[in-house]
Amino acid sequence: MIRRLRRFGLGTRILAALLAVLCVAAVTAWIVALIIGPTLFHDHMLMVSPVAPDSDVVTHAEQAFDTAWTTTLALALAVALAASVIVTFFLVRRLVHPIGEVQAAVTRVAQGDFTARVPEGGIGVEFAELMSAFNAMAGDLDQTERTRVRMLSDLAHEMRTPVATLDGYLEAMQDGVARADGETLVMLREQTERLTRLAEDISLVSAAEERRLSMHPTPTRIGDLLATAEAQTRSRYQDHGVELRVSADEDSRRAELSLDADRMGQVLTNLLDNALQHTDPGDTVTLRAEATDTSVTLDVQDSGHGIAAEHLPHLFERFYRVDTARDRSHGGSGIGLAIVRSIVTAHAGTVSAHSDGPDTGAVFTVKLPRHTTDTMKVQ
Ligand SMILES: Nc1ncnc2c1ncn2[C@@H]1O[C@H](COP(=O)(O)OP(=O)(O)O)[C@@H](O)[C@H]1O
Ligand SMILES: [Mg+2]
């Protein structure tokens, strides 16, 4: 039964509903007119004069009354019927068009075209909400799809260089042009390490984006965080002849925050490594912490190469590098800052970059709210 009903279109259903209402109204009017009308009329006729009226007159008058009400009812019914058909026609035309648009857009999305959108507004609040919900959903899918496509092509691009280098060396060794001496093996190891690092970074970023980055917040003193980051990077700084300063007053060092110390340590070492890569011997990098009642700010400031203004808004995007060739030669794949942002966001904090331009140095600022346990989310 239900399946048979599904075959009928919207227009037929609305028309059927209107006709049903019309029938009920007509039958009611007919019954009322048939039972109550003539009796009332008869009683009134008898009240017209004190003497009983001529029976011929009464019969005529009653016939006239019958004809009048049946004609009136039939006419009203015909007009109502015509009105129902016209109303249904316009209503359906108004409804079917936007529904058709939604249907077409849904089909496009189902076929993988996430640029499909429907015009918002039109026929009522509920429909406008449906349209805007659909557009929001299509927009999200579109964004995800673009990211996926870009990430895949970036990934392929990132893998190509080390794989080509490995291939070139192996071929040269096979042909006897190169020998598997210490220098060659170091070169080969560098390339495999780079691929390993790339795989680790990608898995970290995708875990963060799928919101399954595990966080283990524990009460951590800012002083300890600074000391660990400094210990992990100090020797690299010494090798490059860049001075690393750590600056924080006693209160800030003693401030305690609930955070994942390993992950936050990774944030600081990422920022310190970046600063080292973009400074020259003789430059200075300062790791600074400042705690207030409501937040803790961690700064990594360098006196190095600086960043042009047009790059600042993109630095935290995956695979974004300012000078692709130079940054790649440092072994960077442009994922470091994306990881930094994921971890900081998971701690309900913010991270920003500032530079006055090339050769003016750069400063990266991480701001974490205090008492983050409640707000900490995995992102
Ligand atoms: N302290 C800095 N000074 C100048 N440029 C920087 C600094 N930190 C990061 N950048 C720029 O931001 C880009 C993205 O950084 P990151 O995501 O860590 O990627 P990478 O793998 O290249 O280090 C870098 O390639 C570099 O161009
Ligand atoms: Mg980096």
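Using the heavy atoms of the protein chains and a 1.4 angstrom probe, tell me the accessible area per residue for segment 218-369 in square angstrom.
Per residue, segment 218-369 has an accessible area of 44 Å².
Tell me the carbon and sulfur percent of the accessible area for the chain, rounded to whole percent, probe radius 1.4 Å.
Roughly 59 percent of what the probe reaches on the chain is carbon or sulfur.
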Item checked: Residue order for His97, His314, His347 - accessible surface, 1.4 angstrom probe, largest first -> His97, His314, His347
Note to self: I'd like the FRET efficiency for Asp224 and His354, computed as 1/(1 + (r/R0)^6) with the beta carbon distance as r and R0 of 22 Å, rounded to 0.05.
What the structure shows: 0.25
Next item on the list: Just read off the accessible area of Asp181 with the full protein assembly in place, 1.4 Å probe, to the nearest 10 Å².
Entry: 60 Å²
Next item on the list: Note down the magnitude of the dipole of the chain about its Cα centre, charges +1 on Lys and Arg C-beta and -1 on Asp and Glu C-beta and zero elsewhere, to the nearest 20 debye.
Entry: 1240 debye
Notebook entry, point to check: Is the shape of segment 122-256 best called rounded, prolate or oblate, per the rule: a/c under 1.5 gives rounded, else a/b larger than b/c gives prolate, else oblate, with a ≥ b ≥ c the square roots of the Cα gyration tensor eigenvalues?
Noted result: oblate
Margin query: For Arg13, Arg194, give me the order by solvent-accessible area with a 1.4 Å probe, most accessible first, ignoring ligands, DNA and RNA.
Written below: Arg13, Arg194
Notebook entry, point to check: Using Cα pairs under 8 angstrom and six or more residues apart, how large is the relative contact order of segment 2-113, in percent?
Noted result: 41 percent
Checklist line | Unit charges on C-beta of K, R, D, E only; dipole of segment 166-232, Debye | finding: 360 debye
Check: At what distance in nm do the modelled label points of His157 and Arg212 sit from each other, each positioned 7 Å from its Cα along Cα→Cβ?
Finding: 2.8 nm
Notebook entry, point to check: Can you list the HN-Hα couplings for segment 224-237, worked out from phi with the Karplus curve (6.51, -1.76, 1.60; θ = phi - 60°), rounded to whole Hz and with x for Gly and Pro?
Noted result: 5, 4, 5, 4, 5, 4, 5, 4, 6, 10, 3, 5, 5, 5
Check: Can you give the % of DSSP beta bridges in segment 218-369 that are antiparallel, to the nearest 5?
Finding: 85 percent
Margin query: Which order do you get for Val163, Val363 if you rank them by accessible area with a 1.4 Å probe, largest at the top?
Written below: Val163, Val363
Checklist line | Contour excess over end-to-end distance, with Cα ends at His311 and Thr294 and 0.36 nm allotted per residue | finding: 3.1 nm
Next item on the list: Of the options Ser252, Ala16, Thr107, report the single residue whose Cα projects farthest towards the positive end of the charge dipole of the chain (beta-carbon charges: Lys, Arg +1; Asp, Glu -1).
Entry: Ala16
Checklist line | Solvent-accessible area of Leu22 with every protein chain in place, 1.4 Å probe, in Å² to the nearest 10 | finding: 30 Å²
Check: How much mean residue ellipticity at 222 nm does the chain get from its helices, if each DSSP H run of length 4 or more adds -39500 (n - 2.57) and you divide by all residues, to the nearest 500 deg cm²/dmol?
Finding: -21500 deg cm²/dmol
Notebook entry, point to check: If each Cα of the chain is one equal point scatterer, what is log10 of I(q)/I(0) from the Debye formula at q = 0.07, 0.09, 0.12, 0.15 Å⁻¹?
Noted result: -0.58, -0.75, -1.04, -1.31
Note to self: From Cα pairs below 8 angstrom and at least 6 apart in sequence, can you work out the relative contact order of segment 77-185, rounded to a whole percent?
What the structure shows: 15 percent
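The values are calculated or read from the model by the stated rules, or taken from the named source; none is laboratory data. Model, not experiment: these values are computed from the prediction. Because the Cβ atoms are built from the backbone with ideal geometry, glycine has one as well, and the counts that use them run over all protein chains shown. We work out accessible area using only protein heavy atoms, side chains counted, and drop any ligands, DNA or RNA first. Shrake-Rupley method; radii C 1.70, N 1.55, O 1.52, S 1.80 Å.
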